[in-house]
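Notes to accompany the following structure.
None of the figures in this text is laboratory data; all of them are computed from the coordinates on show. None of these values were measured; they are calculated from a predicted model. Backbone-built Cβ (ideal geometry, glycine too); neighbour counts: all protein chains shown.
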Amino acid sequence: MFTGIIEEKGQLAGTKRSTSSMAMTIRAKVVLEDTKIGDSISVEGVCLTVTSLASDRFTVDVMPETYHGTTLSSLGTSSPVNLERAMAANGRFGGHLVAGHVDGVGKILRKRPQENALYIDIAAPAELIAQSIVKGSVAVDGISLTIFELSENHLTVSLIPHTAGETTLGGKKVGDSVNLETDMFGKYVQRFMEHAPKQPMNADYLRRHGF
């Protein structure tokens, strides 16, 4: 589990690709301070397992579903990547609950500077729009952000200067793709409403239907 508060921008040092999978080696510093083989690190919003470590880099495997369902396959050597270690039980919870399980890929439609904010319109699949609300949370490339506007086909988030400078999103251009993960509570509510019973619920009903 993650918070969506990016700890550092790493850099892709190299990849070893197969048809529908790959191993990625990433240069980093902060996230390596207490990391062990087998730990989880969010890379551009994708929860990945550390398979090897060195003093200034780590390696993760990307399986076929992740390869095809996220933006990771489009990264090239030296690409910057957002990094966050799994949330510590004794740490501050500064963002929102982020699982690192990408729900879909969006595309940047427009970037609008306004005072000290950078508003970004992102086209998103209809099923992700349905799971979103204005003033709710969304993870964009692993960054915990607030939704300020919502339409049938896109959502709008805003970056403060710190977020724009310390993450990869500030440097992305119109037309670039981003990983999206909607708020997990919204997904639970949507599933509940879609399977809401036509009769009074009890504890047995909720258990049988996975709630």
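Please give me, ordered by residue number, the GluC sites (Glu not before Pro) of the stretch 1-105 that lie in loop per DSSP and have at most 11 other Cβ atoms within 10 Å. The qualifying sites are Glu33. Springs between Cα atoms under 10 Å define the GNM used for the chain, and in it the highest mean-square fluctuation of Val174, Val102, Val138 occurs at Val174.
The value obtained for the stretch 101-211, namely the Cα convex hull volume divided by the number of residues, is 110 Å³ per residue.
Between helix 184-194 and the chain there is an angle of about 30 degrees, using the helix long axis and the longest principal axis of the Cα atoms.
Among the listed pairs Lys36/Lys135; Lys16/Lys187; Lys16/Lys111; Lys16/Lys36, those whose Cα-Cα separation exceeds 28 Å are Lys36/Lys135; Lys16/Lys187; Lys16/Lys111. If the cut-off is a Cα-Cα distance under 17 Å, which aspartates and glutamates reach Lys173, setting aside same-chain residues fewer than 8 apart in sequence? Straight-distance partners of Lys173: Glu44, Asp121, Asp141. Over all orientations, the stretch 51-151 has a Cα convex hull whose mean projected area works out to 9.1 square nanometres. Over the stretch 15-66, all Cα pairs binned in 5 Å intervals from 0 give whole-percent P(r) values of 5, 21, 33, 24, 11, 5, 1, listed from short to long. Annotation for the stretch 1-97: trypsin sites (Lys or Arg not before Pro) lying in DSSP loop with at most 16 further Cβ atoms inside 10 Å of their Cβ are Lys29, Lys36, Arg92. Is the C-alpha gyration tensor of the stretch 40-107 telling us rounded, prolate or oblate? Criteria: a/c under 1.5 is rounded; beyond that, a/b larger than b/c is prolate, otherwise oblate. Oblate. The value of relative contact order for the chain, using C-alpha pairs under 8 Å at least six residues apart, is 22 percent. Against the empirical curve 2.2 N^0.38 Å, the C-alpha radius of gyration of the stretch 99-150 lands at a ratio of 1.14. Legend: P(r) of the chain from all alpha carbon pair distances, 5 Å bins from 0, whole percents, reading 1, 7, 15, 18, 18, 15, 11, 7, 4, 2, 1, 0.
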